[in-house]
Amino acid sequence: MTLSVIIVNYNTKELLKKCVESVISTFSEAEIIVVDNASSDKSRELIKTLDVKYVLLEQNLGFSKANNIGLKEATGDAVLFLNPDTIVKENTLKRCLEFLQSHPDAGAVGCRVVLPDGKMDKACKRKFPTPFNSFCTLFKIAKIFPRLGYNLSYLDDDGVYEVDCLVGAFMMCSVSAIKKTGGFDENFFMYGEDIDLCLRIKKAGFKIWYLGDHEIIHVKGAAGKRSKKAKEAFYDSMSIYYKKHFKKGLFTAFVDMGVKFLKRV
């Protein structure tokens, strides 16, 4: 089984270089495809010097569209969606690829995602958000009763088990699952597209696995941490997700009002 690694870059030049180097040093056989979303930090000059395939976009099309463009260039049996602000640890790619190969019903696998301070990125193993568990998470009820929230923080970080959804910073998918789902929903500019894709992968009959025995490091939010557009995209993605997957009702109306309030704060 061969692997294509798709990295969407936006103004993360130095992090991108380290990310690509970590992929090459740990899994040299991988096909690496970098899609640049019209960066202005000289990323494009760097990308041309790297041992990768690349697509240089003339405008920022967002995470979903850029990944789908990368998919058209991919030739592997499996595809890894990888953020440029990540460092892949030894044997992580091999472990995930071998798991996909030995589990034909697995549509996607992820690993333990660790932040630079050593803490877990909670988004790497989650339930699907619902109006109820989002309410419990937003209003900190899940801190007292963890099982009521959408994070699976109460499960072993080092374990191997099925989950609902992974984080888009590291998501390895089988080509068969991608073909059945059509890739990312391009209505999501940034954020939420990973949850939506996982939901559609499971609806297509595949399983999603968390492999906590291997890890990556994630410098979370590097591309959008100072961007007003990124903040708006985060809250917009909530509305898109709930309107797409849930019938209108009291809870969904509440979530929509909450999103509009948070965008103004």
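Do any strands (runs of 3 or more DSSP E) entirely within segment 76-119 hold 1 or more residues that are touching a Lys or Arg at 6+ places or on another chain (Cβ under 7 Å) and not β-branched (Val, Ile, Thr), and if so, which?
106-114
Let's see how each residue does on (1) part of a loop (DSSP other than H, G, I, E, B); (2) crowded, with 23+ Cβ neighbours inside 10 Å:
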{"position": "Arg147", "(1), (2)": "no, no"}
{"position": "Asp157", "(1), (2)": "yes, no"}
{"position": "Met172", "(1), (2)": "no, yes"}
{"position": "Asp185", "(1), (2)": "yes, no"}
{"position": "Met190", "(1), (2)": "yes, yes"}
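Taking only segment 159-170 into account, find how many residues are farther than 20 Å from Pro129 by Cβ and either in a helix (DSSP H, G or I) or not small (Gly, Ala, Ser) (or both).
Taking segment 159-170 and keeping what is farther than 20 Å from Pro129 by Cβ, we get 159-160.
Add one more test, that the residue is either in a helix (DSSP H, G or I) or not small (Gly, Ala, Ser) (or both), and what stays is 160.
Total meeting the criteria: 1.
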ask   = If only one of Val8, Val23, Val55, Val79 is free of Cβ contacts under 8 Å to residues at least 40 places away in the same chain and of a type outside the set (Ser, Thr, Tyr), which one is it?
value = Val55
request  = Could you tell me whether segment 96-114 includes any residue that is surrounded by 18 or more Cβ atoms within 10 Å (Cβ to Cβ) and polar (S, T, N, Q)?
outcome  = no
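Does Leu46 satisfy the criteria of being surrounded by fewer than 22 Cβ atoms within 10 Å (Cβ to Cβ), assigned to a helix (DSSP H, G or I), at pLDDT 95 or above and hydrophobic (A, V, I, L, M, F, W, C)?
On the way: surrounded by fewer than 22 Cβ atoms within 10 Å (Cβ to Cβ): yes; assigned to a helix (DSSP H, G or I): yes; at pLDDT 95 or above: yes; hydrophobic (A, V, I, L, M, F, W, C): yes.
Yes, satisfied.
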message = Within segment 62-75, take every residue that is modelled with pLDDT of 95 or more and in a loop (DSSP other than H, G, I, E, B) and give me the one that is nearest to Leu197 (Cα to Cα).
response = Ala74
ask   = Residues of segment 1-35 being in a strand (DSSP E or B) and farther than 20 Å from Phe99 by Cβ, which ones?
value = Ile7, Val8, Asn9, Ile32, Ile33, Val34, Val35
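The values are calculated or read from the model by the stated rules, or taken from the named source; none is laboratory data. Please read all numbers here as calculations on a predicted model, not as lab measurements. Because the Cβ atoms are built from the backbone with ideal geometry, glycine has one as well, and the counts that use them run over all protein chains shown.
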